[in-house]
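Sharing a structure here in structure tokens format.
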Amino acid sequence: ITAISILVLLFLLAGSEIWVIRKIETTAEQAIRNQGGIPNKVDIGSISINPLKRRVRLNNLLFHIEFPSTASDINLKIDHLVIEEIRLQRGNGITFEAIDLHTPILTLSRHSSESLLDSTRRDTTTFIKPNSKLEKILSKTIHITDGSIRIIENKNNKPIIHSFQHVSFSTGPQTGIASGQSLISTETDFQLSIQQIQYQFDQNALQFEADT
């Protein structure tokens with residue numbers, strides 16, 4: 001009887017894991033569509049949940065997203081993602097305090113007659129209204145460890161490749177002025193580290209390389 005009970009429990013746990021993974025994938029697909037993207041592939045390899053520590057770990061994440069309006073597509077691979085201090089709050093849905101991304105590999109392919117520098121310069125000079133959801137996420141503790149970014153610009157069917165290797169990024173609330181026995185955090189701290197940059201300015205042009 002004990003062996004049968006254990007098998008039934010394992011079966012229920014496996015079923016619930018599959019259900020949670022599919023629920024997260026469906027939510028991610030809808031969020032991508034809301035941003036004008038086409039989620040060609042959204043896949044989560046496995047998930048582990050620690051209810052005592054309110055922690056969720058997602059392993060082997062794969063995303064392939066197309067953005068027709070900008071003639072670009074994104075491929076993203078993440079070794080594992082950990083979300084800490086998850087809470088269910090009435091009216092606010094699910095909240096969390098920290099998120100860790102380990103070894104994310106991002107590849108962005110774009111088809112444009114405009115160079116990356118020109119488009120970046122134009123976008124940064126255009127006023128963008130702050131996104132309240134993004135502000136809430138950036139106010140949490142975020143760690144990105146040993147990531148890489150590869151940008152492929154396709155001009156006249158010839159690729160121009162830029163890459164940023166060993167990228168680490170962290171953000172979290174700064175310690176503010178003491179109030180009574182507690183410390184109030186009023187600002188967000190950002191830290192960015194890139195060990196290697198390779199940037200090709202144009203077709204047949206010299207490639208800029210920097211190592212730190």
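When Lys and Arg each count +1 and Asp and Glu each count -1, what net charge do the other residues less than 11 Å away from PRO104, Cβ to Cβ, add up to? The partial results should precede the final answer.
On the way: positive: LYS77; negative: ASP79, ASP100, ASP146.
Computed value for this residue: -2.
In the neighborhood of LEU76, defined by Cβ-to-Cβ distances under 13 Å, what is the net charge if each Lys or Arg adds +1 and each Asp or Glu adds -1? Walk me through the intermediate numbers first.
Values: positive: LYS41, LYS77, ARG150; negative: ASP43, GLU66, ASP73, ASP79.
Value of the local net charge: -1.
Sticking with this one: Report the local net charge at SER170: Lys and Arg +1, Asp and Glu -1, summed over other residues whose C-beta lies under 12 Å from its C-beta.
Here the count lands on -1.
Computed from the coordinates by the stated procedures, all read-outs in this text should not be read as laboratory data. Just so it is clear, the model here is predicted, and its values are computed rather than measured. Using ideal geometry, Cβ is built from the backbone for each residue, glycine included, and neighbour counts are taken over all protein chains shown.
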